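Chemist: First the structure, then my questions, so here it is.
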Amino acid sequence: MKQTVSIEKIKKNIKNSGFYLNCKIPMGYTIGFPVLQIRNDCLCIALPYLKYQTTGVVDKTLVFPIRYVIWLELPTEKIIRYEDCEYSEVFRGIDFDKPVGYFRHDAIRQYDKAQYNQLYRELMEAYDKVINAILGKGEYLPEDERKLSRLLQLLMEPSLRPMYKVIDPDFYSKYLGKDEKHGI
């Protein structure tokens, strides 16, 4: 059987790569929700980095804008692009030192930590299924894409959606743009 791709493995591999260590993303930044994109007939994945800051108040963890993005080609995980969004024209005017929202947003406040973690694992599994189907390493079912979209819409902080829309309007439209609950 063909080797399958795993989001969690990709995140682990990039964190341990020489590139990551040399690009000097400051401590405290974490990978947000990946973005999938087809570039020149190749599947690519963007790993956006942002930071959270606890305040000591429940549901008031500060969410900061996406600051860095590392693009990889799949399945090789070859790094094809790195961007510090502070120096990108499309993000001009964003204060990267100022929070844009809070974690946990209204749609997920009903879930305790274990329930949220389960939903997050389901989302990562949905990414894996879609990625592997695109790469011809698994069965494609429309329900897999719908599940990815539904979970992404639920779990993503609404304050980050505009940045995801700029990073990739097609991904945004396909997976996030149908969310009527958040007025998008």
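Chemist: Taking the Cβ-Cβ separation of Gln3 and Ile108 as r and a Förster radius of 41 Å, what is the calculated FRET efficiency to the nearest 0.05? If you can, show how the numbers build up before the last one.
Modeler: On the way: r = 33 Å, r/R0 = 0.81.
Between Gln3 and Ile108 the formula returns 0.80.
Chemist: If the chain between Cys42 and Leu62 were fully stretched, how many nm would it gain, using 0.36 nm times the residue separation less the Cα-Cα distance?
Modeler: Working: separation 20, 0.36 × 20 = 7.20 nm, distance 3.54 nm.
Difference between extended and current length: 3.7 nm.
Chemist: I'm a student and want to see the number: the projected area of the Cα convex hull of the stretch 1-96, averaged over all directions, in nm².
Modeler: That works out to 8.3 nm², a quarter of the Cα hull's surface.
Chemist: Sticking with this structure for a sec: Where the centre of each part is set by its Cα atoms, how far does the stretch 14-77 sit from the stretch 94-141, in angstrom?
Modeler: Answer, in whole Å: 13.
Chemist: Could I ask something else about it? I need the calculated FRET efficiency for the pair Lys78 and Asp170, taking r as the beta carbon distance and R₀ as 25 Å, to the nearest 0.05.
Modeler: Working: r = 21 Å, r/R0 = 0.86.
Step by step, r from the Cβ atoms, then E = 0.70.
Chemist: Quickly estimate the mean residue ellipticity at 222 nm for the chain, helices only: each DSSP H run with n ≥ 4 gives -39500 (n - 2.57), and the total goes over all residues, rounded to 500.
Modeler: Only helices count here, giving -9500 deg cm²/dmol.
Chemist: Additional query: Please find the FRET efficiency linking Glu86 to Thr30, where r is the Cβ-Cβ separation and R0 is fixed at 22 Å, and quote it to the nearest 0.05.
Modeler: The calculated FRET efficiency here is 0.80.
Chemist: Once you place label points 7 Å from the Cα toward the Cβ at Asn117 and Tyr140, how far apart are they in nm?
Modeler: So the label points at Asn117 and Tyr140 sit 3.5 nm apart.
Chemist: Let me know the Rg and Dmax you get for the stretch 7-176 when you use only its Cα atoms, in Å.
Modeler: Values for the stretch 7-176 (Cα only, Rg and Dmax): 15.9, 46 Å.
Just so you know, all these numbers are worked out from the coordinates, no wet-lab data involved. Every value quoted in this text rests on a predicted model; they were computed, and no experiment measured them. Neighbour counts run over all protein chains shown; Cβ positions are idealised from the backbone, glycine included.
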